[in-house]
1. Which of the numbered conditions does THR118 fail, given that it passes all the others? Conditions: (1) of a type in the set (S, T, N, Q); (2) more than 14 Å from the ligand (Cβ to nearest atom); (3) under 30 Å from PHE45 (Cα atoms).
2. From ALA268, ALA165, which residue is hydrophobic (A, V, I, L, M, F, W, C), closer than 20 Å to ALA105 by Cβ and within 12 Å of the ligand (Cβ to nearest atom)?
3. Restricting the stretch 120-134 to residues that are in contact with a helix residue (DSSP H, G or I) (Cβ under 7 Å, 6 or more places away or on another chain) and without any contact (Cβ under 8 Å) to a residue 40 or more places away in the chain, which is nearest to TRP22 (Cα to Cα)?
4. Give me the pairs: first residue in the stretch 216-241 and touching a residue at least 40 places away in the same chain (Cβ under 8 Å), second residue in a loop (DSSP other than H, G, I, E, B), beta-carbon distance under 9 Å, and six or more apart or on different chains, which are they?
5. Which of the residues belonging to the stretch 80-108 are within 14 Å of ALA40 (Cα to Cα) and among the small types (Gly, Ala, Ser)?
6. Mind checking which helices (runs of 4 or more DSSP H) fall wholly inside the stretch 158-225 and carry at least 3 residues that are over 21 Å from VAL259 (Cα atoms)?
7. Among the residues of the stretch 135-162, how many are within 12 Å of PHE111 (Cβ to Cβ) and either out of contact with any Ser or Thr (no Cβ under 7 Å at 6 or more places or on another chain) or without any contact (Cβ under 8 Å) to a residue 24 or more places away in the chain (or both)?
8. Restricting to the stretch 226-251, give me the number of residues that are assigned to a helix (DSSP H, G or I) and away from the ligand (no atom under 11 Å from the Cβ).
Amino acid sequence: MGEKIPLPLKKGFGATDRVDAWWKGPSAMAFYLGFMVVYATWRGFMEADFWIFEDFGRSAGVGHGNGTMSIDNNGSHVLSPLFSPLIIPDEYSWMPEALWWLSPAMFILIFPAGFRGTCYYYRKAYYRAFFQHPTACAVSKPWNEYKGETGLLIVQNLHRYFLYAAIAYLPILSFDVYLSMRFEGGNWGISVGTLVLLLNVVMLSGYTFGCHAFRHLVGGGSNHWTGDSGPTLRYRMWKMSTWFNERHKEWALYSLFVVMFADFYVYACTDPMFGWTDYMLWGG
Ligand code: FES
């Protein structure tokens, strides 16, 4: 048995021999993810019938909230992706009255939030940014034991199931793009909001198709990829997924920005405080 050689690592929170600005990445990530979480939570509550927002004059109350969920224009709807699919609690008789204060976002955000929260890339990012577990490569962290993703973190194994929900979102969000183009009398039109929703579908697709679990779903458990059309199709899908997977970090971060921007665009076009207009580019 060989002798144990301790690694010459400095001890103490943040202690390291590294001379590069190793802290920049985790700090920027903490700011970025923290901002996005706070924004999504704020928007979710904004359309809720919740007492504190009544005091601010922002409560769903009578008639479906502040109307900042969707730009309604001559029969077309540019619906914010944070509120899609639209479930308005008091419109469903099966929903207990005690839940009517919830905003539509609270019913559906659990799926995208669960998908991103259990994503392999995001796990690495927020373990470092928020929990210092680890702080960074070759940087001493506040606690030393490492138990892997056991205990409560076993919930991360649900990622593949959140993937199924994320896949189901793609046609739903695509349908929202369609609804943004249909106007009264069967007319068609395209506004800036349509393009924003379309960009969101593209970004979310790139993020979803590069998911490690998706790549395993289409290509895993098989070493027979030629011959019949079935195996060939799987091979092609696996190749496509691999391309996205190699850029998963970028799709993860940019798609998060786009979904929040799409919501902010709808918010800014519907709240007089901003006074934005959803300009028509064609038809309508
Ligand atoms: S690993 Fe990132 S979405 Fe699945």
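1. If we test THR118 against (1) of a type in the set (S, T, N, Q); (2) more than 14 Å from the ligand (Cβ to nearest atom); (3) under 30 Å from PHE45 (Cα atoms), just (2) comes out false.
2. On inspection, the qualifying residue turns out to be ALA165.
3. Step one: filter the stretch 120-134 for residues in contact with a helix residue (DSSP H, G or I) (Cβ under 7 Å, 6 or more places away or on another chain), giving 120-123, 125-126, 128-130, 133-134.
Within this subset, residues satisfying the condition of being without any contact (Cβ under 8 Å) to a residue 40 or more places away in the chain are 123, 133-134.
Numbers: ARG123: 18, HIS133: 15, PRO134: 12 Å.
Ranking the candidates gives PRO134 first.
4. Cβ pairs passing all conditions: LEU217/CYS211.
5. Step one: of the stretch 80-108, the residues within 14 Å of ALA40 (Cα to Cα) are 80-84, 103-108.
Once the filter is applied, which keeps residues that are within 14 Å of ALA40 (Cα to Cα) and among the small types (Gly, Ala, Ser), the stretch 80-108 yields SER80, SER84, SER103, ALA105.
6. Details: elements: 159-179, 192-209, 212-219.
In the stretch 158-225, the matching helices (runs of 4 or more DSSP H) lie at 212-219.
7. Number of matching residues: 1.
8. Step one: filter the stretch 226-251 for residues assigned to a helix (DSSP H, G or I), giving 229-246, 248-251.
Checking the rest, the ones that are also away from the ligand (no atom under 11 Å from the Cβ) come to 229-240, 242-243, 246, 250.
Residues in the stretch 226-251 being assigned to a helix (DSSP H, G or I) and away from the ligand (no atom under 11 Å from the Cβ): 16 in total.
The values are calculated or read from the model by the stated rules, or taken from the named source; none is laboratory data. No experiment lies behind these values; they were computed from the predicted model shown. Quick reminder, even Gly has a Cβ in these numbers, built from the backbone with ideal geometry, and neighbours come from all protein chains shown.
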